[in-house]
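What follows is one structure encoded as structure tokens, with my remarks underneath.
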Amino acid sequence: MIELVTLSQAKEHLHIDDDSSDDDLLLKIQSGSAAILSYIQGSRERVVEGDRLVEGEPLKRVQAALLVLLGYLDRNRSGEEEEKLNQGELPFSVTMLIYDLRRPTII
């Protein structure tokens, strides 16, 4: 599974100093990475090739978006703010970083 940021980067962003929630945070990193890569769809190859991250500006933007998403998920552990989002949406503060990378695939 692709992880757009490391556990260390996430802990630094969230100001977490201990290891007690590492498993939970790793799950959020993996799930959040999958959600963001799904959101950008047709631009995925600009960020990952196979299981390797592609260095560049698109990667930096999706990493920043993931860190924002991790903050959102950390604050809303029980879905307290879920009424603010429609099914399948990401928070605005996440999508504004990556919106122009989104290339929906039409089937």
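The values are calculated or read from the model by the stated rules, or taken from the named source; none is laboratory data. Predicted, not measured: the structure shown is a model, and the values here were computed from it. Glycine also receives a Cβ, built like all others from the backbone with ideal geometry; neighbour counts cover every protein chain displayed.
Surrounded by fewer than 12 Cβ atoms within 10 Å (Cβ to Cβ), at pLDDT below 95 and either under 15 Å from the mean Cα position of the chain (by Cα) or not in a helix (DSSP H, G or I) (or both): is that true of GLY71 in this structure?
Values: surrounded by fewer than 12 Cβ atoms within 10 Å (Cβ to Cβ): no; at pLDDT below 95: yes; either under 15 Å from the mean Cα position of the chain (by Cα) or not in a helix (DSSP H, G or I) (or both): yes.
No; evaluated as a whole, the condition is false for this residue.
Which pairs have Cβ atoms under 9 Å, sit 6 or more apart or on different chains, and link a residue in the range 68-91 that is over 17 Å from ALA34 (Cβ atoms) to one that is assigned to a helix (DSSP H, G or I) and at pLDDT below 75?
If the second residue must be assigned to a helix (DSSP H, G or I) and at pLDDT below 75, the pairs left are ASN76/GLU82.
Looking only at the range 50-68, count how many residues are under 15 Å from ALA10 (Cβ atoms) and either in contact with a Phe, Trp or Tyr (Cβ under 8 Å, 6 or more places away or on another chain) or modelled with pLDDT under 95 (or both).
0
For the range 1-20, give me each residue that is surrounded by 14 or more Cβ atoms within 10 Å (Cβ to Cβ) and among the polar types (S, T, N, Q).
Across the range 1-20, the qualifying residue is only GLN9.
Find all pairs meeting these conditions: Cβ atoms under 9 angstrom apart; at least six residues apart or on different chains; first residue within the range 1-18 and over 22 Å from LEU37 (Cα atoms); second residue surrounded by fewer than 16 Cβ atoms within 10 Å (Cβ to Cβ).
Correct list of pairs: ILE16/ASP22.
Only one of these conditions is not met by ILE36: (1) under 21 Å from GLN9 (Cα atoms); (2) touching a Gly at 6+ places or on another chain (Cβ under 6 Å). Which number is it?
(2)
Looking only at the range 1-20, which residues are of a type in the set (S, T, N, Q), outside any helix (DSSP H, G or I) and touching a helix residue (DSSP H, G or I) at 6+ places or on another chain (Cβ under 9 Å)? Working first, answer last.
Quick first cut of the range 1-20, residues of a type in the set (S, T, N, Q) only: 6, 8-9, 20.
Checking the rest, the ones that are also outside any helix (DSSP H, G or I) come to 6, 20.
Result: THR6, single match.
Under the condition of being on the phi < 0 side of the Ramachandran plot, in a strand (DSSP E or B) and under 15 Å from the mean Cα position of the chain (by Cα), which residue from the range 21-57 is surrounded by the fewest Cβ atoms within 10 Å (Cβ to Cβ)? Steps first, please.
Here is the first cut: in the range 21-57, the ones on the phi < 0 side of the Ramachandran plot are 21-40, 42-49, 51-55, 57.
Add one more test, that the residue is in a strand (DSSP E or B), and what stays is 48-49, 52-53.
When the remaining residues are screened for being under 15 Å from the mean Cα position of the chain (by Cα), the result is 48, 53.
On the way: VAL48: 17, LEU53: 15.
Of everything passing the filter in the range 21-57, LEU53 is surrounded by the fewest Cβ atoms within 10 Å (Cβ to Cβ).
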